Each structure stands twice: as C-alpha cells, then as structure tokens.
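What follows is a short report on a single structure.
The values are calculated or read from the model by the stated rules, or taken from the named source; none is laboratory data. All of these numbers come straight from a predicted model, not from anything done at the bench. Quick reminder, even Gly has a Cβ in these numbers, built from the backbone with ideal geometry, and neighbours come from all protein chains shown.
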Amino acid sequence: MKKFTILSLATVALMFSACGDKEKATEAVVEAPVVVEAPATVATEVAAPVASGEDAGKVAFAACAACHGADGKLAALGKSAIIAGQPVADLVTKMKGYKAGTIDLTGNGMLMKGQMANLDDAKMEALAAYISKL
C-alpha cells in the first residue's frame, strides 16, 4: 500500500510538472516531499465517548457495517459468515480471538485484528449483544 501511495504521488507530481521542460519536471519530483502515513483503521475512528449497553454496541457497530452491512447480514468481503443473530458468547469468543491474532477464519484475520485492537472487553460485550439482536 505504501509503495502504491508513493508511486501515485510521484506520478501526479510528474504529470503536473510535465508541462514545462525536463529539468523543471525532474526538480519538481525530487523536491516534492513524500509523506506516507499508515492508514487508520475504522475502529480507531470510533474513539468518541460511548454510552453503555446497547448504545455502545450500536456506536461500535458503525465500523463493522462497512464490511458486514448495516444490518449485519452481508458476508464481509464475500467470505465471512453472516454475523447478525449469532449468539453473544460466540461473537465475543471470535472477537477476542481476532484481537489476540489467534483466529483467521476466512483469511481476514489481520484486518479483523486491526478492527478489534481498540475494543476492550466491555465494548466487545456491548457490540456482541447488539449484533446478536440484528
């Protein structure tokens, strides 16, 4: 991903500076600072104060909805099981496994590990309770 971003920035810089002579185009690419940051996971964006109980689960689910659908009935990336309606205990077990990096059911283990990274046990319980009711 980082290589793609650097290459993209260099290409854009070259395109905009290609209207002038070759020396200026080369200078523009060399002088242009390239800053690459690791992409933030969606889970880190849900850092706002969260209410307890069902509201906490609903707020936390906003990050899940991107892949699992607004109602939890979408196979994430065409690979995962439908999460809506699964038992709370099963969901919590899976979330903790993803967070620990010990579960990779569909090849999305690292993606899910990133999503679970900022969830503590209470948030996982609230999220699981919310998903089980979908």
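Key figures for this structure:
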quantity: Among the candidates Ala100, Ala76, Ala81, residue that is under 16 Å from the mean Cα position of the chain (by Cα) and either modelled with pLDDT under 95 or surrounded by fewer than 16 Cβ atoms within 10 Å (Cβ to Cβ) (or both); calculated: Ala76
quantity: Members of the stretch 112-124 found to be more than 16 Å from Gly72 (Cβ to Cβ) and without any contact (Cβ under 8 Å) to a residue 40 or more places away in the chain, listed by number; calculated: Lys113, Asp120, Asp121
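Listed here are the residues, each with its yes/no results for (1) under 24 Å from Ala56 (Cα atoms); (2) in a loop (DSSP other than H, G, I, E, B); (3) in the same structural domain as Gly57 (by TED's automatic domain parsing); (4) not charged (D, E, K, R).
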| site | (1), (2), (3), (4) |
| --- | --- |
| Leu74 | yes, yes, yes, yes |
| Leu77 | no, no, yes, yes |
| Ala81 | yes, yes, yes, yes |
| Ala84 | yes, yes, yes, yes |
| Leu91 | yes, no, yes, yes |
| Gly97 | yes, no, yes, yes |
| Asp104 | no, yes, yes, no |
| Met112 | yes, no, yes, yes |
| Leu119 | yes, yes, yes, yes |
